[in-house]
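First the structure, in the form of structure tokens, and then the observations on it.
The values are calculated or read from the model by the stated rules, or taken from the named source; none is laboratory data. Since this is a predicted model, take the numbers as computed values, not measurements. Virtual Cβ from ideal backbone geometry, glycine too; neighbours counted across all protein chains shown.
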Amino acid sequence: MSKIAVLTSGGDSPGMNAAVMSVARSAALLDMPLIGIKRGYNGLIGKFPNPKDNYVEMSMDQLLDIADLPGTYLRTARCPEFADKEYQQKAAQFLRELGVKGLVVIGGDGSLQGAQALCQQGIPCVGIPATIDNDLGYTEMTLGYDTAVNVCVDSIRAIRATSRSHDRPHVVEVMGRNCGDIALTAALSTGAEIVVVPEVQNWEIKDISRRLNNLIARGNTRATVVVAEGAWRTMAPFDHHSFLVKRGKVNVSFPEQRIDAINFARVLQQMAIDGVEVRATVVGYTQRGVQPTARDGAFAFEASAMAVNLLRHHISGQVVGVRSGRIFHMPMETALKMKPRFNRRMFNMVNAL
């Protein structure tokens, strides 16, 4: 195989740069020229007038110092147009004109679906799962997930220290889109007393309040409630705005706001035992913009080396993942049909103790 390309797509994820660096090292070892596609699938469809904004010929000298950097050197962006077959054909033709014989796609579910579409257009592709959400069912972990969890663990431990000092319960919102793995693992790792995840449908604020009050009554005045960002969409209907207006906690003239960590904490405080103050923190994008952990860095290195080796042997339509702690690959079509597993037993354990 004479030339390959690599792109990072979707939400940025810690370890993407390490994966690109490993692709470059593996390609250099095999004397395979490497093209870096910029801004995900946007670069493949030539979205920007200046070619330098769409792709770059990559060398080891360019990439020597990026492996430990947060973010993604190649940039990333969503590309809604790529759902249309016309743009998929355009991307395939673009790669052929560059002389590219294979593509490594580093990204989440949508990015890997894009790779699958390119395979159908005759472009050999291998996917590396890179998303902090850990929402791909075929692999035990995705690139960036371990780093995101560790950021949340550090934040929750710091929050629990100040909560203990002030006898204040605290709501901590973490990322994860429609998957509660970050929230659950962070709760398990920090001793948090309550965790709320999107996998549980129609959960009720009153139930969370009841559990929190039970903890407070038993002397735990600094309990932590970890909430996955996607859980707001699966909450049972509750008019939090009217509830807070009646108690004078929000101005009735303000437009109704969606439920979030701050409003959730306000509601819990109004439902809590008298004198208890409830605070809220959203961990946010710090989960993405940090250096990868050793585990994510090692995963990036090994997964990328496998991806390049697959392309070298003309094995296409594969995704790389982790099973029983070991790197493996499997057909992309089968992998993307697999649903994530939710650890109900550990969820129940956190909320029961």
Verdict on D207 being acidic (D, E) and assigned to a loop (DSSP other than H, G, I, E, B): no
Residue match in region 2-20 (condition: modelled with pLDDT under 95, more than 16 Å from G127 (Cα to Cα) and assigned to a loop (DSSP other than H, G, I, E, B)): yes
Any hit, region 71-85, residues being over 27 Å from V322 (Cβ atoms) and among the β-branched types (V, I, T): no
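Can you name the residue in region 139-178 that is of a type in the set (D, E) and part of a helix (DSSP H, G or I) and is also surrounded by the fewest Cβ atoms within 10 Å (Cβ to Cβ) among such residues?
Applying the first criterion (of a type in the set (D, E)) to region 139-178 yields 140, 146, 154, 167, 173.
Okay, now just the ones that are also part of a helix (DSSP H, G or I), so 146, 154.
On the way: D146: 22, D154: 15.
Looking at the filtered set, the residue picked out is D154.
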Residue in region 187-199 that is part of a helix (DSSP H, G or I) and either of a type outside the set (A, V, I, L, M, F, W, C) or closer than 17 Å to V276 by Cα (or both) present: yes
Residue identified as buried (at least 24 other Cβ atoms within 10 Å of the Cβ) and assigned by TED's automatic domain parsing to the domain that holds V322 among L136, L184: L136
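Every residue in region 96-118 that is touching a helix residue (DSSP H, G or I) at 6+ places or on another chain (Cβ under 7 Å) and either of a type outside the set (V, I, T) or surrounded by fewer than 20 Cβ atoms within 10 Å (Cβ to Cβ) (or both), please. Show your work before the answer.
Our first condition is that a residue be touching a helix residue (DSSP H, G or I) at 6+ places or on another chain (Cβ under 7 Å); within region 96-118, this holds for 102-106, 112, 114-118.
G102, L103, L112, G114, A115, Q116, A117, L118 - these are the residues of region 96-118 that are touching a helix residue (DSSP H, G or I) at 6+ places or on another chain (Cβ under 7 Å) and either of a type outside the set (V, I, T) or surrounded by fewer than 20 Cβ atoms within 10 Å (Cβ to Cβ) (or both).
Within region 30-47, count every residue that is over 24 Å from E81 (Cβ atoms) and either in contact with a helix residue (DSSP H, G or I) (Cβ under 8 Å, 6 or more places away or on another chain) or at pLDDT 95 or above (or both). Give the derivation first.
Just the residues of region 30-47 that are over 24 Å from E81 (Cβ atoms), to begin with: 30-34.
Next cut, either in contact with a helix residue (DSSP H, G or I) (Cβ under 8 Å, 6 or more places away or on another chain) or at pLDDT 95 or above (or both) only: 30, 32-34.
Adding up the residues that qualify gives 4.
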